[in-house]
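Each remark here refers to the structure printed beneath this line.
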There are 2 protein chains.
Amino acid sequence: MRIQKLAQEKLNRKTKPLGSLGRLEDIAIQLCEIQQTLEPKITKKRTLVFAASHGIDEEGVSAYPREVTGQMVLNFLRGGAAINVFARCGNIELSVIDVGVDAGFGNGSDSPMFFNRKIRCGTRNFLKEPAMTFAEFSKAIEAGREQARLAKFANVSLLGVGEMGIGNTTSASALFSALLDLPAEETVGRGTGIDDERLARKVQVVKRALEKHRLDGADAAHWLSHVGGFEIVAMTGVLLEAADLRLPVVVDGFVSTAAAVAAIQLNPSVKEICFWAHCSNEKAHKQVLDILGTTPILSLDMRLGEGTGAALAMPLIEAAARMMTEMASFEEANVSTKRA
Amino acid sequence: MRIQKLAQEKLNRKTKPLGSLGRLEDIAIQLCEIQQTLEPKITKKRTLVFAASHGIDEEGVSAYPREVTGQMVLNFLRGGAAINVFARCGNIELSVIDVGVDAGFGNGSDSPMFFNRKIRCGTRNFLKEPAMTFAEFSKAIEAGREQARLAKFANVSLLGVGEMGIGNTTSASALFSALLDLPAEETVGRGTGIDDERLARKVQVVKRALEKHRLDGADAAHWLSHVGGFEIVAMTGVLLEAADLRLPVVVDGFVSTAAAVAAIQLNPSVKEICFWAHCSNEKAHKQVLDILGTTPILSLDMRLGEGTGAALAMPLIEAAARMMTEMASFEEANVSTKRA
């Protein structure tokens, strides 16, 4: 709180009309709070992309077949996906973590950006049974926590989280419904672009899953393990560890936000280290961000995942930090202040 | 039109759900159209900051005194302003052009980023007489056109325009009212942060200026010379030349948009090369962007000018270009397409 006040005062002395850098000023203040300094620094940026397959894809909830998850991981490892391009643009390191993809990657696994932390070849179909066992859930959390620690150790000062997993918007919608008490009709959207028929089926899948797994006193861990995905749970793990380490994390889009909502329910201080990259075009995202009381940095009608929104937002967070450290004050620049 | 269709088809083959990069896809297509290629390239980026003083400041329309314009130019030349920080963040060259600042810059003038194209030490008070003569107007247009040509010659492929000029939101509001037929109450806002009393005065100033200079058949050149500012007219010149050269320009905020509206009225093809950086927090900006039928790239509640919004938006435009050229297609990456 003391840092926040001092950071605001420092901003007010910068050579610009009071408040004229808008939300960039809020970002700068949040960075000061997280790093507990008036000289916040973004030394190194890294985006983590967690990938996993989903048993729920048996229910025909996605526009793309199951094998796309593994194929896209190979695309990441070869540098051809959107996240690769945006990471290069923003000078952001990239790590790709397999926490449950139903495929192998041949010599793609030799890539220095790849981590094999495969827990199982995809979750179970959560219409029939819990998506994962408690042991598997713990492994997924730990796979995420590990990446936050590795980042901290490597002197990364801004982390992004994103995901790849055909079927995972169904998990995310189920989590939003369960954790925020929202009807499936509101949380379910078109994901990769499904038609009306599949959309109706997806709503039914989420409704039936919520009924099946509902339990008195269920917490976020219950719902994550019953209707979540390995990549979602791993992102929750990143956020829990990042809160412990006071490492800022840029939450990507719709699916990443589900991991964040769960993490915040498990440890409310997670919220202090979160930046919200963008408002996804996936239907419920705006509503969820409103419930969280946050305004995302970008709003470009994107809905791709992979951490692409996070990668595009990270340079703006870096700009806010550098504004705080590099911009002259009225006094330093001999500029007259506002008239009385 | 042919390029647009081919660019859309190329985007649809990229490894992502159809349309999932949202407005970044629109940006990529517009770049393809401007450069007439399916391989758009952003080789070098440059932001132009035009500065000038305003005779209308005698009427007490700003929260800051007149000398701040010159002081801020010195701040630019020493690298301490927000635009310097954001330009460094985005790897953007910066040029500062004095087209009418009521101050000298000592050895600041030796800076390689500085251009002395001073037309006069500020415009005249447009409540009493036209802001500039036709000869001065022509010089200001040419000062802008020159910078677009210099940029093209230096192999700059993305240009930003911004400004510094205490009093210039009053000019911009008058221009919006005159060119778009909007009442002064709607176009006048708080600028650098004026109180209610000054705001009421500013509305009256704009109303009286419009009455004084109204003329049957008046075009954008009439209004620019009568109620504009040298930096605004110079930005109009940049846009007119950039349209001739097919050089994309990122229009910064409220004041820059006034220059763009005038340029589009003088030559409608200007609109094809414009990107709109951000929605300023200055009241009328959103309304004007809506009238233009454009959606800005960012919306961060900023209202600083100096080209700061343009500098923050340029990396996103670059990312769109690189997405178009570097991202793999489904075929190249062996990724399965959507199911039937």
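The values are calculated or read from the model by the stated rules, or taken from the named source; none is laboratory data. What you see is a predicted model; the values in this text were computed from it and never measured. We place every Cβ from the backbone using ideal geometry, glycine too, and count neighbours over all the protein chains shown.
Checked across the stretch B:216-223, the condition of being more than 22 Å from residue B:59 (Cα to Cα) and within 18 Å of the chain's Cα centre (by Cα) holds for at least one residue.
Screening residue B:122 on (1) assigned to a loop (DSSP other than H, G, I, E, B); (2) out of contact with any His (no Cβ under 7 Å at 6 or more places or on another chain); (3) more than 30 Å from residue A:25 (Cβ to Cβ); (4) not β-branched (Val, Ile, Thr) shows it passes everything except condition (2). In the set (1) surrounded by fewer than 21 Cβ atoms within 10 Å (Cβ to Cβ); (2) of a type in the set (S, T, N, Q); (3) more than 27 Å from residue A:64 (Cβ to Cβ); (4) out of contact with any strand residue (DSSP E or B) (no Cβ under 9 Å at 6 or more places or on another chain), the condition left unmet by residue B:8 is number (3).
Can you name the residue in the stretch A:320-340 that is within 15 Å of residue B:75 (Cα to Cα) and not in a loop (DSSP other than H, G, I, E, B) and is also nearest to the chain's Cα centre (by Cα) among such residues?
The selected residue is A:323.
Would the stretch A:168-176 turn up any residue that is within 14 Å of chain B (Cβ to nearest Cβ) and either touching a Lys or Arg at 6+ places or on another chain (Cβ under 9 Å) or surrounded by fewer than 17 Cβ atoms within 10 Å (Cβ to Cβ) (or both)? Checked against the condition, which is being within 14 Å of chain B (Cβ to nearest Cβ) and either touching a Lys or Arg at 6+ places or on another chain (Cβ under 9 Å) or surrounded by fewer than 17 Cβ atoms within 10 Å (Cβ to Cβ) (or both), the stretch A:168-176 yields at least one hit. Among the conditions (1) in contact with a strand residue (DSSP E or B) (Cβ under 7 Å, 6 or more places away or on another chain); (2) of a type in the set (Lys, Arg); (3) over 24 Å from residue A:244 (Cβ atoms), residue A:117 misses just one, which is (3). For residue B:319, the conditions (1) crowded, with 24+ Cβ neighbours inside 10 Å; (2) more than 19 Å from residue B:32 (Cβ to Cβ); (3) in contact (Cβ under 8 Å) with a residue 60 or more places away in the chain are fulfilled apart from (2). Restricting attention to the stretch A:24-41, does a residue exist that is surrounded by fewer than 21 Cβ atoms within 10 Å (Cβ to Cβ), more than 26 Å from residue A:195 (Cα to Cα) and free of Cβ contacts under 8 Å to residues at least 12 places away in the same chain? Yes - at least one qualifying residue is present in the stretch A:24-41. For the stretch A:277-312, filtered to residues that are among the aliphatic types (A, V, I, L, M) and facing chain B (nearest Cβ under 9 Å), the residue that is farthest from the chain's Cα centre (by Cα) is A:300. Residue A:81 - would you say it is in contact with a strand residue (DSSP E or B) (Cβ under 6 Å, 6 or more places away or on another chain) and within 24 Å of residue A:154 (Cβ to Cβ)? Spelling it out, it is not the case that residue A:81 is in contact with a strand residue (DSSP E or B) (Cβ under 6 Å, 6 or more places away or on another chain) and within 24 Å of residue A:154 (Cβ to Cβ).
Within the set B:92, B:56, B:83, the sole residue that is more than 22 Å from residue B:249 (Cβ to Cβ) and not charged (D, E, K, R) turns out to be B:56. For the stretch B:126-182, the set of residues classified as closer than 24 Å to residue B:317 by Cα, touching a Ser or Thr at 6+ places or on another chain (Cβ under 8 Å) and part of a loop (DSSP other than H, G, I, E, B) consists of B:155, B:156, B:157, listed by residue number.
Just one residue in the set B:225, B:171 is small (Gly, Ala, Ser), in contact with a Pro (Cβ under 7 Å, 6 or more places away or on another chain) and at pLDDT 95 or above; that residue is B:225. Residue check: is residue A:68 farther than 26 Å from residue A:249 by Cβ, modelled with pLDDT of 95 or more and buried (at least 24 other Cβ atoms within 10 Å of the Cβ)? So residue A:68 passes the test.
So which of B:326, B:318, B:272 is acidic (Asp, Glu), in contact with a helix residue (DSSP H, G or I) (Cβ under 8 Å, 6 or more places away or on another chain), within 14 Å of chain A (Cβ to nearest Cβ) and under 15 Å from residue B:30 (Cα atoms)? Of B:326, B:318, B:272, the one residue that is acidic (Asp, Glu), in contact with a helix residue (DSSP H, G or I) (Cβ under 8 Å, 6 or more places away or on another chain), within 14 Å of chain A (Cβ to nearest Cβ) and under 15 Å from residue B:30 (Cα atoms) is B:318. If you check A:312, A:239 for being under 30 Å from residue A:39 (Cβ atoms) and touching a His at 6+ places or on another chain (Cβ under 9 Å), only one passes: A:312. Sub-7 Å Cβ pairs linking a first residue in the stretch B:241-266 that is under 17 Å from residue B:226 (Cα atoms) to a second residue that is of a type in the set (Lys, Arg) and assigned to a strand (DSSP E or B), at least 6 apart or interchain, number zero. Taking the listed residues A:12, A:84, A:75, the one that is of a type outside the set (D, E, K, R), without any contact (Cβ under 8 Å) to a residue 24 or more places away in the chain and under 30 Å from residue B:163 (Cβ atoms) is A:12, with no other qualifying. Is it the case that the stretch A:302-319 has a residue that's over 24 Å from residue A:142 (Cα atoms), of a type in the set (A, V, I, L, M), assigned by TED's automatic domain parsing to the domain that holds residue A:175 and in a loop (DSSP other than H, G, I, E, B)? Within the stretch A:302-319, one or more residues are over 24 Å from residue A:142 (Cα atoms), of a type in the set (A, V, I, L, M), assigned by TED's automatic domain parsing to the domain that holds residue A:175 and in a loop (DSSP other than H, G, I, E, B). Does residue A:146 fit the bill of being surrounded by fewer than 20 Cβ atoms within 10 Å (Cβ to Cβ), among the acidic types (Asp, Glu), under 18 Å from residue A:99 (Cα atoms) and in the same structural domain as residue A:69 (by TED's automatic domain parsing)? For residue A:146, the condition - surrounded by fewer than 20 Cβ atoms within 10 Å (Cβ to Cβ), among the acidic types (Asp, Glu), under 18 Å from residue A:99 (Cα atoms) and in the same structural domain as residue A:69 (by TED's automatic domain parsing) - is met.
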